Amino acid sequence: MSTKTGPQRYPGASRANWYQDDFGGDPMEVNVVVLHTTEGYTLPGYDGGATAPNLTAMPDLAAKKLKWYQHFDIETSSRALVNLKGGVETNTMNVCQVELGGTCDPATHAKWKAAGHDHVYWPDAPDWALQGVARFLAWMHEEHGVPLSGPASWPAYPTSYGTGGGQRMTAAQWTKFKGICGHMHVPENVHGDPGAIDFARILKYAKADLDVDDDGTETKTTTKPTTTTKPKVPAFPGRKYFVAGASNAYVLQLGKQLVKRGFGDHYKVGPSKTWGDADRLNVRDFQKSRKELRGDADGTPGPLTWKLLFS
């Protein structure tokens with residue numbers, strides 16, 4: 001179990017279906033992404049959040065893009081995997097889980113197509129859908145260090161169901177694994193999603209987005225520092241600057257940091273110098289995301305909130 005180290009919100013993801021307040025989860029330092037398919041063409045309810053992943057990507061076929069919904073912080077355990085008592089850890093094994101709206105089942109695909117239900121069949125997904133997944137994986141690589149690599153075997157459904165396709169990891173393999181895999185690769189689970197998704201093409205797009213070679217090394221010529229330094233935390237100015245109607249540079253500084261850390265959902269335009277309800281709600285969301293602050297998540301920044309937000 002580790003302290004959260006990167007942005008916890010995927011930029012642009014909706015929090016209209018947020019479940020972390022009801023199912024707190026465990027903090028983790030994520031190094032694995034598990035891809036699922038919802039096997040449905042509308043946004044799932046996930047039993048009120050009891051079986052939800054960290055994020056869901058629903059295809060917007062008219063706009064040719066994925067619409068993202070975030071249900072848990074990136075580095076908070078979600079609930080979409082089977083985790084048998086006394087077995088290997090799954091949901092809490094440093095895993096960020098993503099459900100892709102649509103199906104991997106050719107029989108379901110044929111049935112929906114005949115019935116006129118618009119959807120994405122992921123083994124034959126359009127480029128824009130694969131690129132949408134790739135952009136997320138590139139962000140996870142850049143912000144959380146998840147390797148842009150994964151299993152070689154992505155068998156088609158229904159072969160991928162159970163253990164028939166030979167793709168299921170052993171407990172030892174799963175414990176050592178870092179990178180990107182499917183639901184069908186996780187031990188203790190029998191589901192076969194996302195089937196024969198074009199994983200090679202997704203990785204190609206993700207690496208192109210980051211300008212890295214096939215082996216994962218960067219091709220950019222920019223010089224990187226050889227040493228890292230901790231960011232300097234600005235001194236907390238005091239609560240008097242964060243009251244209703246207050247207008248000052250500290251409010252704007254706080255707002256910009258909230259956005260940078262992925263907690264700017266309540267801003268309609270962006271942060272400003274004037275303290276308002278959107279600032280309070282964004283601060284409250286950040287406080288709820290940190291175990292140290294959950295008992296005092298009132299939306300008013302204090303010294304500890306300030307320190308954790310800027311460190």
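Just so it is clear, none of the values below were taken in a lab; they were calculated from the coordinates. This is a predicted model, so every value here is computed, not measured. Positions of Cβ are backbone-derived with ideal geometry, glycine not excepted, and every protein chain shown enters the neighbour counts.
Work out from phi, with θ = phi - 60° and the Karplus expression 6.51 cos²θ - 1.76 cosθ + 1.60, the ³J(HN,Hα) of each residue of the range 156-167, listed in order in whole Hz, and give x for Gly and Pro.
So the Karplus estimates, Gly and Pro as x, are 6, 6, x, 4, 6, 6, x, 10, x, x, x, 8 Hz.
For the chain, what is the mean residue ellipticity at 222 nm derived from helices alone (per DSSP H run of n ≥ 4: -39500 (n - 2.57); sum divided by total residues; nearest 500 deg cm²/dmol)?
Working: 7 runs with 79 residues, N = 311.
Rounded to the nearest 500, it is -7500 deg cm²/dmol.
Across the range 82-95, in residue order, what do the Karplus-derived ³J(HN,Hα) couplings come to in whole Hz, using 6.51 cos²θ - 1.76 cosθ + 1.60 with θ = phi - 60° and x for Gly and Pro?
Result, rounded to whole Hz: 6, 9, 6, 4, x, x, 6, 6, 10, 4, 9, 8, 6, 10.
Strictly over 22 Å apart at the Cα level, which of Lys232/Lys256; Lys64/Lys256; Lys176/Lys260; Lys67/Lys111; Lys178/Lys207; Lys64/Lys204 would you flag in this model? All intermediate terms of the calculation are to be shown ahead of the outcome.
On the way: Lys232/Lys256 16 Å; Lys64/Lys256 30 Å; Lys176/Lys260 31 Å; Lys67/Lys111 24 Å; Lys178/Lys207 17 Å; Lys64/Lys204 20 Å.
Cα-Cα > 22 Å for Lys64/Lys256; Lys176/Lys260; Lys67/Lys111; rest within.
From zero up to wherever the largest Cα-Cα distance of the chain sits, split into 10 Å bins and tell me the percent of pairs in each.
Reading the bins upward from 0: 6, 25, 32, 23, 11, 3, 0.
Give me the three principal axis extents of the range 1-91 from the C-alpha atoms, as integers in angstrom, largest value leading.
Projected onto the principal axes, the Cα atoms of the range 1-91 cover 44, 28, 23 Å.
Could you order the peptides 7-13, 83-89 from most to least packed, using the average number of other C-beta atoms within 10 Å per residue? Provide the component values of the computation, followed by the final result.
Working: 7-13: 18.1, 83-89: 11.3.
Highest to lowest by the protection proxy: 7-13, 83-89.
Tell me, what HN-Hα J-couplings in whole Hz come from the Karplus equation 6.51 cos²θ - 1.76 cosθ + 1.60 at θ = phi - 60° for each residue of the range 101-106, using x for Gly and Pro?
With the stated coefficients, the range 101-106 comes to x, x, 9, 10, 8, x Hz.
Sort the following peptides by mean Cβ neighbour count (other Cβ atoms within 10 Å, averaged over residues), highest first: 187-195, 257-265.
On the way: 187-195: 21.8, 257-265: 19.3.
So the peptides 187-195, 257-265, ranked by packing, come out 187-195, 257-265.
Would you please give the residues with an amide H less than 5 Å from that of His71, counting only those at least 5 places away or on a separate chain, with H modeled from the backbone geometry?
So His71 has HN proximity to Leu55, Thr56.
Rg and Dmax of the range 239-310 over Cα atoms: what are they, in angstrom?
Calculated on Cα positions, Rg and Dmax stand at 10.8, 30 Å.
Sorting Trp112, Trp275 on the 10 Å Cβ count, fewest up front, what's the list?
On the way: Trp112 18, Trp275 24.
Fewest to most other Cβ atoms nearby, the residues stand as Trp112, Trp275.
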